[in-house]
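What follows is one structure encoded as structure tokens, with my remarks underneath.
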Amino acid sequence: MTFDAAVFGHRLRHRRRERGLTLDELGAKVDRPSPYLSLVENGKREPKLSLIDALAQALDTTTADLLSPEPPNRRAALELAFDRIREDPRYRALQLPELKATARLPDEALEHVVALFGVATRRPSSDSVDSVRHAAASVSAWLREQDGYLAHIEQAAAGILGSSGHDGQGALTSRDLTTIVTQVGYRVLTVDDIPAHVRSIVDEDTGVIYVAQRNALRTRQARKAILQTLAGKVLGHSIPSNAFD
């Protein structure tokens, strides 16, 4: 187990306050000055194991408890996350006014900062966007070379339809669609929290296609979204790698 001085400091402070002890009082029990213990609680010093044992005994807890890698509470978890964000070069580059996780800063404020930074750093970089645009342009050019007709895709689709029992005439029933989705190795779940501009989301790890609930997406539109998703999966596996060169 890797020792995390910041987490340890939070756990030590939490246990000390639970026991109603000041830093001076705890320092007297373990024969250490309070300024040193303050540095330990703030993650600035790594105590020796002998001191950790002494602190555990003084706080009527165990060494394993103090060394647990889990923050002692939600507030501590937020402060730890915020401290890591403050050290992130991307956060520093913003050159924002100094903000510290003092006792006066509400939990809600910390939670907002942590969540917003997480969303902001998940956005694709300009290089990623350029790469996607380049790939899309390459695929479009490749499809034009094929005159928009991919015989093997049509054959694959005909085979899937045949296996589902559909004769190729008329619209697909919900049962036909379920059979097709299963044959391709997926299953469909309807959810009510998909963004309005999104028709479907594919989870490759679990093999699930998420579509909006019927009150947000009509049945015909939902079927279209599912079929387009499946077509995209088949097409994606059918494009040669040199199409992106």
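Readers should treat all values here as calculations from the given coordinates under stated rules, not as data from a laboratory. Bear in mind that the values here come from a model prediction, so they are computed numbers and not experimental data. Here the Cβ positions follow ideal geometry from the backbone for every residue, glycine too, while neighbour counts run over all protein chains shown.
Just going by the charge dipole of the stretch 64-118, with Lys and Arg at +1 and Asp and Glu at -1 on Cβ, which of 105, 95, 81 is farthest out on the positive end? Sorting the options by dipole projection puts first 95. Per-residue 3J(HN,Hα) values for the stretch 4-9, derived from phi via the Karplus relation 6.51 cos²θ - 1.76 cosθ + 1.60 with θ = phi - 60°, read 10, 4, 5, 5, 4, x Hz in sequence order (x marks Gly and Pro). Estimated from the Cβ-Cβ distance and a Förster radius of 51 angstrom, the FRET efficiency linking residue 18 and residue 192 is about 0.75. Legend: calculated FRET efficiency, residue 57 to residue 172, from the Cβ-Cβ distance at R0 = 51 Å, rounded to 0.05, equals 0.15. Residue by residue, the stretch 145-152 carries 3J(HN,Hα) couplings of 5, 8, 6, x, 10, 10, 4, 5 Hz when phi is fed to the Karplus relation 6.51 cos²θ - 1.76 cosθ + 1.60 (θ = phi - 60°); x denotes Gly or Pro.
Where does the charge balance sit around residue 5 when Lys and Arg score +1, Asp and Glu -1, over other residues with C-beta under 9 Å from its C-beta? That sum, taken over residues with Cβ under 9 Å, equals 0. Note that the stretch 172-185 has calculated 3J(HN,Hα) couplings of 6, 7, 4, 5, 4, 5, 4, 5, 5, 4, 5, 4, 7, x Hz, one per residue in order, obtained from phi through the Karplus relation 6.51 cos²θ - 1.76 cosθ + 1.60 (θ = phi - 60°); glycine and proline are x.
A simple spin-label model places the labels of residue 184 and residue 29 6.3 nm from each other, with each point 7 Å out along Cα-to-Cβ. Note: relative contact order over the stretch 81-183, using C-alpha pairs below 8 Å and six or more positions apart, is 16 percent. Remark on residue 188: its backbone amide H falls under 5 Å from those of 209, a criterion applied only to residues 5 or more positions apart or on other chains, H modelled at 1.01 Å from N. Which of the GluC sites (Glu not before Pro) found in the stretch 69-110 are loop residues per DSSP with 10 or fewer other Cβ atoms within 10 Å of their Cβ? In loop regions of the stretch 69-110 (DSSP not H, G, I, E or B), the sparsely surrounded GluC sites (Glu not before Pro) are 98.
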